[in-house]
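Undergrad: Sharing a structure, written as structure tokens. Questions coming.
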Amino acid sequence: MIAYLIYFFREVPLFIGLVASVIFFLYSRHLEWRERVAASLIVVYFFFDALSNWISYHHHTNQWLYNLACPVEVLIPLWVYYQIITSRLVKRMVPVFALLYCVGYVLNRMYVQGSDHLNTFTLLPAMAVLAILAFLHLEQCMADLDHSPFDNFFFWFSLANLIDNTGGFSYISTLPWFAYQHPHVVSRLKMVNDFFYCSWFVTVSIGLIWKKKALKSFSL
């Protein structure tokens, strides 16, 4: 057990995910229900990461678990953006993409890339769409001159998604080329990707703390 805990905390994203999960449980009661759904992704990410880490610790392949987690980690943000983006065009497009993603995910998993390889054919388009939606929502927040964007939890949520999905898209899309042409830099690329991933946890956690601060200031 001690050996596993040492192995566990060697992974920086896992440690930061654990801290972010504690922050979620401490601060989420101040959120309204849509904010709470969005913030719950902290626990979802941490759960899948911890389970994947435990599986790999016992020398089993964990790629199938990442593929299993993808629909949850894609569809929840899509639902959130459908709720908070005011553009009617975007509201019409999000359900269409969600349906296409689900159909593509099933077909890709069953007939193309399978469960033992990262399902990049569906993951990369989903990451690109989430990055675009995050950007559109950030633009919406900045256009609201009546309220500070920093007091809006969804501002921090979108900022985190823009950073993570833009960085993750770049990493996953170029990894096969780097692995073939420059295998010695793959470990450094993973460190960069881990930085983007950790930034997601940190940014959403800042949003949780800032939200409570804003509510306290408003009540005074």
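Every number in this text was worked out from the coordinates using simple rules, so none of it is lab data. Bear in mind the structure is a predicted one, so any value in this text is a computation, not a measurement. Glycine gets a Cβ as well: all are built from the backbone with ideal geometry, and neighbour counts include every protein chain shown.
Undergrad: Could you compute the net charge surrounding T174? Neighbours are other residues with a C-beta less than 15 Å from the C-beta of T174; K and R count +1, D and E count -1. Each step should come with its number before you reach the end.
TA: Working: positive: R188, K190; negative: none.
In short, +2.
Undergrad: While we're on this one: With the chain treated as a Gaussian network of Cα nodes joined by springs under 10 Å, which of A38, A160, A143 yields the largest mean-square fluctuation?
TA: Most flexible of the set in this elastic network: A143.
Undergrad: Less than 11 Å Cβ to Cβ from I16, Lys/Arg counted +1 and Asp/Glu -1: what total charge do the surrounding residues give?
TA: -3
Undergrad: Give the order of E35, E11 when sorted by the count of other beta carbons within 10 angstrom, beginning with the fewest. Intermediate results must be reported in sequence, preceding the final value.
TA: On the way: E35 20, E11 16.
So the residues, fewest neighbours to most, are E11, E35.
Undergrad: What is the distance, in nm, between label points placed 7 Å from the Cα along the Cα-to-Cβ direction at F135 and at S173?
TA: Placing both labels 7 Å beyond Cα along the Cβ direction yields 1.1 nm.
Undergrad: Additional query: Nearest 500 deg cm²/dmol is fine: what mean residue ellipticity at 222 nm does the chain get from its DSSP H runs of n ≥ 4 alone, each adding -39,500 (n - 2.57), divided by its residue count?
TA: -27500 deg cm²/dmol
Undergrad: Assign unit charges at the C-beta atoms only (+1 for Lys and Arg, -1 for Asp and Glu), then state the dipole size of region 62-213 relative to its Cα centre in Debye, rounded to the nearest 20. Numbers along the way, then the final one.
TA: Details: 9 positive and 8 negative charges, 25 e Å.
Roughly 120 debye, rounded to the nearest 20.
Undergrad: Follow-up question, since we're still on this one. Could you work out the local net charge near W200, counting Lys and Arg as +1, Asp and Glu as -1, over the other residues with Cβ closer than 14 Å to its Cβ? Don't jump to the answer; show the numbers that get you there.
TA: Numbers: positive: none; negative: D49, E73, D164, D194.
That sum, taken over residues with Cβ under 14 Å, equals -4.
Undergrad: In units of 2.2 N^0.38 Å, what is the alpha-carbon radius of gyration of region 52-106?
TA: Values: Rg = 15.3 Å, N = 55, 2.2 N^0.38 = 10.1 Å.
So the Cα radius of gyration is 1.52 times the expected 2.2 N^0.38 Å.
Undergrad: What is the chain by shape, rounded, prolate or oblate, if you read a ≥ b ≥ c off the alpha carbon gyration tensor as root eigenvalues and call it rounded for a/c under 1.5, prolate for a/b larger than b/c, and oblate otherwise? Present the calculation step by step, with values, prior to reporting the outcome.
TA: On the way: a/c = 1.87, a/b = 1.29, b/c = 1.44.
Cα axes put the chain in the oblate bin.
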